[in-house]
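Everything below concerns the one structure shown next.
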């Protein structure tokens, strides 16, 4: 059920649009986080929650629930009902988008299976996509729930997991769409450049995870200078917040943001070292040549945006552009890897 043989342009278009919608959902989730709106709705009602408060009494009841949360009691204790409406609508729109994206996946999928556009024996990979969507939605609620107990912030680890699940879904949809575009009968060959691209994908995944943890810990506000932090290349106390070295790697805001700042430069160094040799190795493949160029440009753009986010105190527009570029970088790397390991039959 996981072997795919039937390439279909309709399925390709559906998956690419779906992947684009998932990417938009991820970026909008970043806006929710940056506006501190994510904890405004304290219940998860996948069906009834689609209807917002419609009366003054309903708004007051919803606000009363929010007033019981640590975020209101410790951060927004002066918030008025009108101010609450603003963050409520942002989170409500975020959840509505997620529901619509889920329907955009589920309804065509069942229709395609019913019409045998997707053969039954090939449904497995699409079921996995559906499960990934449900999984990231559940993790999204678990993330929100972690901020409703005793502190006015969600778990940064759950935030990172929520982000990675969503991007895994996007990646799988894009990868299968590439198959529908180029066909599933191409020969597969893992060369050294392909393994290098796979390592780059792993490195990017780690970087995205650290981006999620940086956001969850609000570690982007630790220092607004670059390249130095607190006047030093290696800031004091880099691994001193916790006794465990490993705990510092995932719990210390200073350590997490330091890694998130400098890990991209490792990726850039690898890309620069491999760029010309790989282009020569695939001199006859215009798709890979162009993909490598786009990939290098996106890496440079992403690093530039990251630096600007630091210097401009995590300004929302820059932060969202930084997040969106990370998604484009992920898709570009997937494209290059796909073309490297597939050769026309």
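Exposure proxy ranking for 270, 51, based on other Cβ atoms within 10 angstrom of each Cβ and starting from the fewest, stands as 51, 270.
Principal axis extents of the C-alpha atoms in region 72-142 (largest first, rounded to whole Å): 58, 20, 9. Using the empirical formula 2.2 N^0.38 Å as the baseline, the Cα radius of gyration of region 136-244 reaches a ratio of 1.46.
Each peptide among 22-33, 300-311, 168-179, 230-241 gets the average number of other Cβ atoms lying within 10 Å of its residues, and from highest to lowest they stand as 168-179, 22-33, 300-311, 230-241.
Hey, could you get me the Stokes-Einstein D for region 239-278, Kirkwood radius over alpha-carbon pairs, 10 °C and 1.306 mPa s, rounded to whole µm² s⁻¹?
Values: Rh = 11.6 Å.
After rounding, the answer is 137 µm²/s.
May I ask you to list the residues of region 90-111 whose amide nitrogen lies under 15 Å from a point 7 Å from Cα along the Cα→beta-carbon direction of residue 5? Of the residues in region 90-111, none has backbone N under 15 Å from the label point off residue 5.
Cα-based Rg of region 207-345 per 2.2 N^0.38 Å, rounded to two decimals? Provide the component values of the computation, followed by the final result.
Numbers: Rg = 17.4 Å, N = 139, 2.2 N^0.38 = 14.3 Å.
That works out to 1.21 for region 207-345.
Return the calculated 222 nm mean residue ellipticity for the chain, to the nearest 500 deg cm²/dmol, obtained by summing -39500 (n - 2.57) across DSSP H runs with n ≥ 4 and dividing by the residue count. Kindly include the intermediate steps, with their values, before the conclusion.
Details: 11 runs with 240 residues, N = 345.
Calculated from helices alone, the mean residue ellipticity at 222 nm is -24000 deg cm²/dmol.
Of the listed peptides 321-327, 78-84, what is their order by residue-averaged count of other C-beta atoms within 10 Å, with the highest listed first? All intermediate terms of the calculation are to be shown ahead of the outcome.
Working: 321-327: 20.9, 78-84: 12.4.
Descending mean neighbour count gives 321-327, 78-84.
In units of the rule-of-thumb radius 2.2 N^0.38 Å, region 1-185 shows an alpha carbon radius of gyration of 1.19.
No value in this document is a laboratory result; all are computed from the given coordinates. Remember, predicted model here, so these are calculated numbers, not experimental data. Cβ coordinates were reconstructed from backbone atoms using ideal geometry, including for glycine residues, and neighbour counts include every protein chain displayed.
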